[in-house]
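The values are calculated or read from the model by the stated rules, or taken from the named source; none is laboratory data. This is a predicted model, so every value here is computed, not measured. As a convention, Cβ positions derive from the backbone with ideal geometry for all residues, glycine included, and neighbour counts pool all protein chains shown.
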Amino acid sequence: MATHNSSSRRRILAGVLAPVTLGVAAIVAVAVAQPTVPTTADPALVASTQDCYDMVTISLGGRGDAPRDQSKMLVTPDGTVLPAALSDDYHSHWVDPVVNAPRNTVGDESYAAVYVDYPAHMDSYEEAVNGGVENTKTIIQAIQVSCPDTKFAIVGYSQGADVARRAAQEIGNQKPNDDGSYDIIDPDSVVAS
């Protein structure tokens, strides 16, 4: 009887310890497997807003189609990571043919395409689109600070088309300030949408 009780206790203990052990192992595995997200970008890995072009296309993909690799994001001269990546560093099956076409005509020195990172999902359509509009304006403003003569096109596919439309509408409907400046950018800087 003592052997039976001892055996039963071991099985109960094993039954309790096995899930606990597996749980701890899973937590450790998840913690080790999580990639570290850089807090600042390494300027050697990313494009800078100081690289000026005659024209930059601001590109917005559809649902689930936005850059996420922080090591390839666009940065400002002070190292601030922007929610965007050059089309050389991110590819969209649907948008690439449109945004990369001008390169064949004008060359890489005159033209660049930038993909906007935004919450392109259907959890909250309005939240996603509003986030995309804000990111688009932030990117355009950051590029224009370094490159005031750059012109912009804003294009999008699917959900990104709605973001592009709303961003262009906000830019185009601005009234100039008393000094002639604009809160976002001069609407004349956006030549296509």
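Taking residues in region 67-78 that are free of Cβ contacts under 8 Å to residues at least 60 places away in the same chain, and partners anywhere that are assigned to a strand (DSSP E or B) and among the hydrophobic types (A, V, I, L, M, F, W, C), the pairs with Cβ atoms closer than 6 Å and at least 6 places apart or on different chains are Pro67/Ala85; Lys72/Ala85; Met73/Val81; Met73/Ala85; Val75/Val81. Of all residues in region 107-151, which are part of a loop (DSSP other than H, G, I, E, B), hydrophobic (A, V, I, L, M, F, W, C) and surrounded by 14 or more Cβ atoms within 10 Å (Cβ to Cβ)? The answer is Ala120, Cys147. Yes or no: Asp179 among the acidic types (Asp, Glu) and surrounded by 16 or more Cβ atoms within 10 Å (Cβ to Cβ)? No: the conditions fail for Asp179. Every test in (1) under 13 Å from Tyr157 (Cβ atoms); (2) at pLDDT below 90 is passed by Gly61 save one, and that test is (2).
Per the listing Ile171, Ile184, the residue uniquely crowded, with 16+ Cβ neighbours inside 10 Å, more than 20 Å from the chain's Cα centre (by Cα) and in the same structural domain as Asn100 (by TED's automatic domain parsing) is Ile171. Annotation: Ile154 fulfils all but one of (1) buried (at least 23 other Cβ atoms within 10 Å of the Cβ); (2) part of a helix (DSSP H, G or I); the unmet one is (2).
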